[in-house]
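Notes for the one structure printed next.
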Amino acid sequence: MEVGVDLVEIGRVKRFARRNPRFLARVFTREEIAYCKAKKDPWPHFAVRFAAKEAVYKTLGKAEIPLTAISVARDGAGRPTVVISGKPAKKIKLSLSHGREHAVAFAVRL
């Protein structure tokens, strides 16, 4: 079993995206960008997905995989799931949370 966790400052993601317009497209899939932008305040959602990508990356032993290959989707019950290169990563479980200033993701690879 491998475990990964990541904590992200929401404001930092927001500032970075505003300074570098290509940041979102370099890190997130089109589906993730659409999901986050549909929210009243998209930045906590972008930040928690960034944290999730980093947490999953850590469970993979820092394999040579780009962050855009890792994405967060929702299952039928609304729970976050991991998709790697378009395929569901059934052996990776994910927990996400965010507050006003920080977002955290916890990933476990079984």
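Per-structure values
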read-out: Candidate set: the range 58-80, residues that are hydroxyl-bearing (Ser, Thr, Tyr) and within 10 Å of the chain's Cα centre (by Cα); chosen: the one nearest to Val27 (Cα to Cα); value: Thr68
read-out: From the options Phe50, Phe16, residue that is buried (at least 23 other Cβ atoms within 10 Å of the Cβ) and on the phi < 0 side of the Ramachandran plot; value: Phe50
read-out: Residue pairs meeting the criteria (Cβ under 6 Å; at least 6 apart or on separate chains; first in contact (Cβ under 8 Å) with a residue 24 or more places away in the chain and farther than 21 Å from Met1 by Cβ, in the range 86-110; second of a type in the set (Asp, Glu) and crowded, with 18+ Cβ neighbours inside 10 Å); value: none
read-out: Any hit, the range 39-62, residues being more than 15 Å from Ala103 (Cβ to Cβ) and touching a Ser or Thr at 6+ places or on another chain (Cβ under 9 Å); value: no
read-out: Total residues in the range 19-38, condition of a type in the set (A, V, I, L, M) and surrounded by 12 or more Cβ atoms within 10 Å (Cβ to Cβ); value: 3
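All of the numbers you see were taken from the coordinates with simple rules; none came from a lab. In this text, all values refer to a predicted model and were calculated from it rather than measured experimentally. When we count neighbours, we look across all protein chains shown, and the Cβ atoms used for this are built from the backbone with ideal geometry, even at glycine.
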